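These notes are about the structure you will find just below.
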Amino acid sequence: MKIIRQKKDLDNLINKINSISFVPTMGGLHKGHESLIKKAKKKDKHTIVSIFVNPKQFNSKRDFNTYPRNLKKDFKVLKKLNVKYVYLPNYTDIFSFKTNNVIYLHPFSKKLCGRHRPGHFKGVVNVVNRFLELIKPKYIFLGKKDFQQLFLIKKHIIKNHIRTSVISCNTVREKKLLPFSSRNYNLNAKNKALAFKVFKFLRKEKTLIKKNEVKKINLINIRKKILKFGIKKIDYLEAINLNNLRKAKKFNENFNFFCAFYIGAVRLIDNF
Ligand code: PAF
């Protein structure tokens with residue numbers, strides 16, 4: 001496994017290989033990342049995985065500082081998966097060059113997480129765009145758990161005519177439905193059990209809505225119940241129509257629940 005830290009070494013590599021599958025990460029690797037990497041490796045033989053905790057996409061210093069970092073474990077995972085290239089850039093190499101593309105933020109960036117984490121998506125699209133300009137991958141692999149991020153990156157790529165295809169990958173879940181996320185490393189056993197309980201409940205409620213043919217989707221009682229479980233803060237719980245990204249009103253719309261809530265200081269998001 002080749003670990004690339006300097007931009008000049010990355011440039012040398014990019015000049016040598018021409019068809020790259022790229023998996024951007026912030027480390028804290030888990031089964032979700034593993035599945036992205038496996039897909040990337042199948043698609044192309046030159047897979048580059050980046051690990052860079054991007055300060056520009058965090059709203060608070062505390063969140064940035066407590067984001068799970070475990071490079072030793074990450075390397076173990078990457079070696080096990082036979083990843084050939086790992087890019088560990090420094091801040092200056094990523095942020096000091098002038099970009100060719102202009103950051104495009106689709107209006108959906110103002111909704112859901114965008115409403116609660118001002119500047120977050122600008123930070124995400126900015127860093128991903130910079131990676132795309134540096135690496136020029138044929139494919140980029142992103143997970144559907146971060147649906148909004150995935151959508152906004154796609155829109156940015158289309159708007160700027162970037163020649164990278166986005167491969168959307170399904171969310172990988174633990175046995176009890178909790179989606180794998182780096183932030184789960186910050187949950188203790190008790191909090192994890194609480195997270196399981198919430199996700200299980202939400203699943204059940206969604207199935208009921210679909211089955212019951214209720215005229216109007218009403219999330220107020222579901223919110224109340226979640227708070228009763230012991231969740232202290234819900235940023236949002238919405239049913240979003242996946243065809244038009246508006247709030248779903250009726251059971252027969254093609255909708256997903258989108259939620260973000262806190263367990264202690266850990267913010268979890270999901271959509272299903
Ligand atoms: O999903 C993530 O881990 C990050 O938002 C990404 C895409 C690596 C950009 O920093």
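The values are calculated or read from the model by the stated rules, or taken from the named source; none is laboratory data. Treat the numbers as computed from the prediction; the structure is a model and nothing was measured. For neighbour counting, all protein chains shown are included, and Cβ atoms are generated from backbone atoms with ideal geometry for every residue, glycine included.
Assorted remarks:
- Residue in segment 111-119 that is more than 10 Å from the ligand (Cβ to nearest atom), of a type in the set (A, V, I, L, M) and without any contact (Cβ under 8 Å) to a residue 60 or more places away in the chain present: no
- Selection status of GLU133, acidic (Asp, Glu), at pLDDT 95 or above and surrounded by fewer than 20 Cβ atoms within 10 Å (Cβ to Cβ): yes
- Test: residue in segment 264-272 that is outside any strand (DSSP E or B) and within 24 Å of LYS110 (Cβ to Cβ): yes
- Hits in segment 42-74 (condition: away from the ligand (no atom under 16 Å from the Cβ) and either surrounded by 18 or more Cβ atoms within 10 Å (Cβ to Cβ) or assigned to a strand (DSSP E or B) (or both)): HIS46
- The residues of segment 46-76 that are in contact (Cβ under 8 Å) with a residue 40 or more places away in the chain and closer than 17 Å to PHE22 by Cα, listed by number, are ILE48, SER50, PHE52, ASN54, ASP74, PHE75.
- Residue pairs meeting the criteria (Cβ under 7 Å; at least 6 apart or on separate chains; first without any contact (Cβ under 8 Å) to a residue 12 or more places away in the chain, in segment 121-149; second more than 10 Å from the ligand (Cβ to nearest atom) and assigned to a helix (DSSP H, G or I)): none
- Residue satisfying condition, being farther than 21 Å from THR66 by Cα, of a type in the set (Gly, Ala, Ser) and within 11 Å of the ligand (Cβ to nearest atom), within set GLY143, GLY123: GLY143
- Segment 1-28 residues that are more than 25 Å from CYS169 (Cα to Cα), paired with ones that are assigned to a helix (DSSP H, G or I) and among the acidic types (Asp, Glu) (beta carbon under 7 Å, 6 or more apart): LYS7/ASP93
- Residue check, LYS211 assigned to a helix (DSSP H, G or I), among the basic types (Lys, Arg) and in contact with an Asp or Glu (Cβ under 9 Å, 6 or more places away or on another chain): no
- Tallying residues that are without any contact (Cβ under 8 Å) to a residue 24 or more places away in the chain and surrounded by 12 or more Cβ atoms within 10 Å (Cβ to Cβ) within segment 77-108 yields 0.
- Residues located in segment 1-41, provided they are more than 15 Å from the ligand (Cβ to nearest atom), among the aliphatic types (A, V, I, L, M) and assigned to a helix (DSSP H, G or I): LEU10, LEU13, ILE14
- Test: HIS156 is within 16 Å of the ligand (Cβ to nearest atom), touching a Cys at 6+ places or on another chain (Cβ under 7 Å) and at pLDDT 95 or above: no
- Subset of segment 86-107 (residues that are assigned to a helix (DSSP H, G or I) and more than 16 Å from the ligand (Cβ to nearest atom)): THR92, PRO107
Each row is one residue, and each column tells you yes or no for (1) free of Cβ contacts under 8 Å to residues at least 12 places away in the same chain; (2) of a type in the set (Val, Ile, Thr).
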| site | (1), (2) |
| --- | --- |
| THR207 | yes, yes |
| LYS210 | no, no |
| ILE217 | no, yes |
| LEU227 | yes, no |
| LEU237 | no, no |
| PHE251 | no, no |
| GLY264 | no, no |
